[in-house]
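A.B. asks: Below: one structure in structure tokens.
Just so it is clear, none of the values below were taken in a lab; they were calculated from the coordinates. Model, not experiment: these values are computed from the prediction. In this analysis, Cβ positions are derived from the backbone assuming ideal geometry, glycine residues included, and neighbour counts consider all displayed protein chains.
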Amino acid sequence: MASNLKLPAWKVALLMYLSLQILALPAANAFVTHSRTRRVHLNDDKPRTATVMDMSARGTKTRPIVVGTSDYSNILFGKLQRAAAIFGTNIGPPISIVSDELSEGKKLNKFLWNSFCMADSGPDGILEEEDLLRPLSPWIPQADIRGDLIFVDAVSSLEDSKETSESGGLFGFFGMGKKKESSPPSKREDKGDADANPINEKIIACAAERGCDHVFVLVDESSLQACKEILRKYSDNLPSTIMCLGSPQTKTSAFKSSTSMHPTKGWQSSRPQDMEGEMIGPVTISKMIEVDENDNIDDQKASKSIEKTAKLNELPAEDVAEVMLQISLRTDRYVPPEESPRMVCISPGSGNDNSDSDGLEERLNADYFTRTGGEQARKLAGNVQTVSSWPMLLSSLGYVNGELGKRKDI
């Protein structure tokens with residue numbers, strides 16, 4: 001006898017919906033890794049990106065790869081992420097290389113949320129070092145770093161990569177953040193091991209092997225020599241730039257009073273809509289002049305440089321990150337192997353090394369609200385300091401693109 005059992009209408013609808021979903025699920029997608037995309041190669045050998053829902057070309061944009069989550073690295077990540085959305089930069093969203101995705105990823109996202117108007121690292125913005133160094137696989141597309149840019153911090157200590165509570169940003173504004181003392185200058189700690197490398201040579205070797213476009217390394221007087229030696233080992237395949245905290249006069253005298261770097265408590269960026277930059281104070285960029293210890297030097301000139309550095313021996317990490325960003329996007333990335341790494345120094349001072357001008361100018365904060373809002377929005381946004389002329393400030397690096405981020409049609 002036929003059963004008179006009847007299912008409620010909502011159960012029938014739910015069963016039909018689940019059946020359709022199961023039928024529409026391709027067998028190839030039954031096992032999907034945490035990565036939302038994978039790299040495939042067609043007959044023309046051009047890299048493309050395949051997703052679960054669609055397939056589209058990756059394009060020609062270069063990806064910035066930031067190693068670590070020190071204060072400087074996190075600031076640089078946020079600035080690179082903002083630059084990726086601006087016309088003419090031709091870079092994609094940045095990726096952060098971490099040793100522990102859980103703790104370091106949490107620190108990065110907390111910093112971006114507080115300091116860059118609720119930003120985050122994005123779905124593919126974090127990659128563990130272990131995954132980067134594995135053999136290339138279509139399941140880890142971010143590890144294919146061919147043509148990308150690498151940014152390394154050889155100044156900050158390893159402790160800077162651990163999560164710390166901060167009282168700045170949005171939570172601090174509402175009094176929800178935990179209070180902490182002012183951050184000390186960020187310096188790489190000397191562990192007493194003379195053989196310890198200030199940068200991860202495995203990542204540098206991986207970048208050279210996979211055809212990265214350029215590597216940009218921030219160093220200080222204690223890490224300069226070791227970084228220089230490592231980068232020169234791979235100079236045939238990997239052009240590099242070193243930016244050193246300090247005065248550029250000589251090997252022996254320039255760093256008697258070195259420049260240190262520290263993050264600014266409570267610093268926030270309103271995600272600018274141009275590439276003019278945001279600066280806290282003036283800086284000087286000079287080409288590093290290597291002088292052997294036995295060579296004769298102008299002692300008076302060196303003494304003046306040392307005295308100047310001694311008076312102004314701290315730099316905001318935000319300004320250091322801004323200058324590194326501008327160097328990576330405005331200057332020529334090709335460096336002949338015999339000239340690699342190219343080396344410049346950054347120190348406090350006048351922005352263009354001209355005593356008649358501090359090299360900075362004040363302008364309206366060019367964020368989203370000042371571009372789309374009215375007079376009241378512009379008043380609330382306030383003003384920011386920016387470099388008067390990036391081509392002048394970065395002139396020691398050769399050609400500098402002074403039109404970056406500027407559209408001629410508006």
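A.B. asks: State which entries of Lys202/Lys233; Lys228/Lys287; Lys79/Lys228; Lys107/Lys202 exceed 19 angstrom in Cα-Cα distance in the structure shown.
C.D. replies: Details: Lys202/Lys233 12 Å; Lys228/Lys287 15 Å; Lys79/Lys228 26 Å; Lys107/Lys202 24 Å.
Violating the 19 Å Cα-Cα cut-off are Lys79/Lys228; Lys107/Lys202.
A.B. asks: Under the rule of at least 5 residues apart or a separate chain, name every residue whose amide H is placed under 5 Å from the amide H of Asp332.
C.D. replies: Residues meeting the amide H criterion: Tyr399.
A.B. asks: Would you please name the chymotrypsin sites (Phe, Trp or Tyr not before Pro) within the range 91-150 that are DSSP coil residues with at most 11 other C-beta atoms within 10 Å of their C-beta?
C.D. replies: Numbers: sites: Phe111, Trp113, Phe116, Trp139; in loops: Phe116, Trp139.
Counting only loop positions with at most 11 other Cβ atoms within 10 Å, none of the chymotrypsin sites (Phe, Trp or Tyr not before Pro) in the range 91-150 qualifies.
A.B. asks: Mind listing the long-range amide H neighbours of Ile150? Cut-off is under 5 Å, sequence gap 5 or more, other chains count too, H placed in the peptide plane at 1.01 Å from N.
C.D. replies: Under 5 Å from the amide H of Ile150: Ile65, His214, Val215, Phe216.
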